[in-house]
1. Only one of these is β-branched (Val, Ile, Thr), over 30 Å from Gly348 (Cβ atoms), at pLDDT below 85 and crowded, with 18+ Cβ neighbours inside 10 Å: Thr48, Thr58. Name it.
2. Under 6 Å between Cβ atoms, at least 6 apart or on separate chains: pull out the pairs that start in region 360-372 with a residue that is in the same structural domain as Gln315 (by TED's automatic domain parsing) and end on any residue that is surrounded by 15 or more Cβ atoms within 10 Å (Cβ to Cβ) and of a type in the set (S, T, N, Q).
3. Among the candidates Arg295, Arg289, Arg306, which residue alone is among the basic types (Lys, Arg) and under 24 Å from the mean Cα position of the chain (by Cα)?
4. Looking at Thr142, Thr124 in this structure, which one is surrounded by 14 or more Cβ atoms within 10 Å (Cβ to Cβ), modelled with pLDDT of 95 or more, of a type in the set (Ser, Thr, Tyr) and not in a strand (DSSP E or B)?
5. Check whether at least one residue in region 180-203 is in a loop (DSSP other than H, G, I, E, B), acidic (Asp, Glu) and at pLDDT 95 or above, and report yes or no.
6. Here are the criteria: (1) assigned to a loop (DSSP other than H, G, I, E, B); (2) within 30 Å of Arg79 (Cβ to Cβ); (3) of a type in the set (A, V, I, L, M). Tell me which single one Ala232 does not satisfy.
7. Kindly provide the set of residues from region 210-228 that are within 21 Å of the chain's Cα centre (by Cα) and polar (S, T, N, Q), ordered by number.
8. Examine region 62-77 for a residue that is at pLDDT 80 or above and either assigned by TED's automatic domain parsing to the domain that holds Gly92 or within 24 Å of Cys139 (Cβ to Cβ) (or both), and state whether such a residue exists.
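The values are calculated or read from the model by the stated rules, or taken from the named source; none is laboratory data. This structure is a prediction, so every number in the text was calculated from the model and none was measured. Every residue, glycine among them, receives a Cβ derived from its backbone with ideal geometry; neighbour counts consider all protein chains shown.
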Amino acid sequence: MPWLLRMLLNVSVVTLMAYAYVGWRVNQALTHLTSLPDPRRQQLILLTVVLLNLYPGTALIAYLTGSDAWTIALRGGNRLMDIGLTYPFWIGLLVVAQLAPILLLIDIGRLALALLGKNPDGWTAWQATLTLLLAGAVCLYTAIRVYNDTQHIRIRERVIHATKLAPETPELRIVHITDVQMDPRTGPPLVRAFAHKINELNPDLVLFSGDLVTSGTEFIAQAATLLGQIKARHGVFACLGDHDYWADPQGITRSLNEHGIVVIDDESRLIEIGSAQLEVTGVTNIYSRRPSADRLHQLATSHNPRRVSIFLTHQPSEALIEWAQRNGYDIFLAGHTHGGQVVLNYFGFRLTPGMLETRFISGFYQVGQMLVSVSNGLGLTFAPLRFQAPAEITLLRLKPVETSHRVSE
C-alpha cells in the first residue's frame with residue numbers, strides 16, 4: 001500500500017475518533033442543560049456529523065464513477081457545491097481538531113481530581129456549560145479566522161542590512177510573491193487586489209516563485225494579464241512551479257513574457273540598480289524536474305560572491321538551500337508550502353501537512369549567512385481555505401550597512 005494511502009487511512013481513523021469523542025461530549029453537555037429527549041438529541045448530533053462529512057463521500061463516489069462533472073464541481077467549479085459540501089466539511093474538521101484536545105484536557109483534569117479524592121459539587125454542570133461555551137467560541141473563531149486568512153492579504157516585512165551594498169546605495173525594495181494559483185476560488189478580484197497591494201509597496205524589483213494557476217489552461221491568460229499590472233522599477237522576474245508544469249509550462253512562460261514578466265529557467269540575471277549589482281538566479285525545482293548537478297555546477301562557477309545574490313526557486317528543498325548557502329548566496333526565496341495553508345496550533349506546537357516535506361514552511365530562517373524566506377503566497381491547494389496561514393506578500397528592504405559599523409567590523 002502506498003505511503004500516501006496509509007497516511008490518509010491513519011488520518012481518517014483519528015478524525016473519526018475525534019468526531020466521536022466531541023460528539024459524545026457535546027451530547028453529554030446537552031443532556032444536562034437542555035430538555036431534548038435522548039433519541040432526538042442523538043439524532044440531531046448524528047445528522048450534523050453526517051452533513052459535515054458529505055464532501056469526502058461525494059468525492060469518493062465521483063472518483064470511483066469517473067464523473068468529470070462531479071470532480072470539476074468538487075474542485076471549485078460550483079459555488080453551491082462549495083457552500084453545501086466543501087466548506088462545511090473543512091470548517092467542521094477544523095472545529096473538531098481544535099476542540100477535541102481542549103475537551104480531553106478537561107476530562108484528564110477531572111480524572112486527576114477524582115483520583116485525589118476530590119470531586120467538587122456541581123462539576124458536571126460546570127463542565128457541560130464550559131463544553132458548549134468552548135464549542136461556540138471555537139466555531140466563531142474558526143469561521144472568522146478562515147475568512148480573514150483566505151480573503152485578506154497581509155504584508156510580511158524584513159529589513160536586511162547588506163554589507164555588499166555601497167554606503168551611498170538607497171534602500172532597495174524587493175517584493176517576493178508566490179503561488180497565485182488562480183482558479184474558480186482564487187478569482188480575478190483577489191488576484192487584482194494582490195497586484196494592487198504589490199504596487200502600493202513601491203517595489204524596485206518583484207520576484208515570483210511560481211504556480212500561476214492551479215490546473216488547466218483556462219486561467220493562464222487572465223492571471224498573466226493581472227500580474228502584468230505589477231509595476232517594479234527594475235522588472236518582474238519569475239520561475240515556474242509544479243502547477244505551471246502540470247498545466248502548460250510553455251503557455252505560461254509565453255503568457256508571462258508577453259505581459260512583461262521575465263521567466264528565468266536555470267540561469268542567472270544581473271540587475272543593475274544605480275551603483276548596486278544584484279544577481280538573481282532562477283532555478284526550476286519541482287517534483288517532476290530537479291536541477292541537475294551539471295547545471296548547478298555551471299551556476300556556481302559563474303556566480304560572483306561579491307554581488308548581492310538572490311536564489312529564486314519554487315520548492316524550498318533542504319538540499320538546494322544548503323547548496324545555495326555553500327555557494328555564497330545572500331537570500332533564498334521560495335514558496336510551494338502555502339505557509340502550511342491549514343495550520344493547527346496545539347499549545348504552542350504548530351502542525352501542518354507541509355512539515356512532512358520540509359522544515360522550511362513559512363517566514364524567515366537564517367542558514368549560515370544566508371536568509372531563507374518562504375512566503376505563504378496567495379492561492380490554495382489541497383484545501384479550499386486558509387487557516388492560521390494567511391495569504392501574504394513578502395517585502396524585503398535591503399539597506400547598506402552604516403559606515404561606522406563597517407569600520408568596527
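1. Thr58
2. If the second residue must be surrounded by 15 or more Cβ atoms within 10 Å (Cβ to Cβ) and of a type in the set (S, T, N, Q), the pairs left are Ile361/Thr337; Ser362/Asn376; Phe364/Ser373; Val367/Gln325; Gly368/Gln325; Met370/Gln325.
3. Among Arg295, Arg289, Arg306, only Arg289 is among the basic types (Lys, Arg) and under 24 Å from the mean Cα position of the chain (by Cα).
4. After ruling out the rest, the residue left standing is Thr142.
5. no
6. Only one criterion in (1) assigned to a loop (DSSP other than H, G, I, E, B); (2) within 30 Å of Arg79 (Cβ to Cβ); (3) of a type in the set (A, V, I, L, M) is unmet by Ala232, namely (2).
7. Scanning region 210-228 gives Thr214, Ser215.
8. No, region 62-77 contains no residue that is at pLDDT 80 or above and either assigned by TED's automatic domain parsing to the domain that holds Gly92 or within 24 Å of Cys139 (Cβ to Cβ) (or both).
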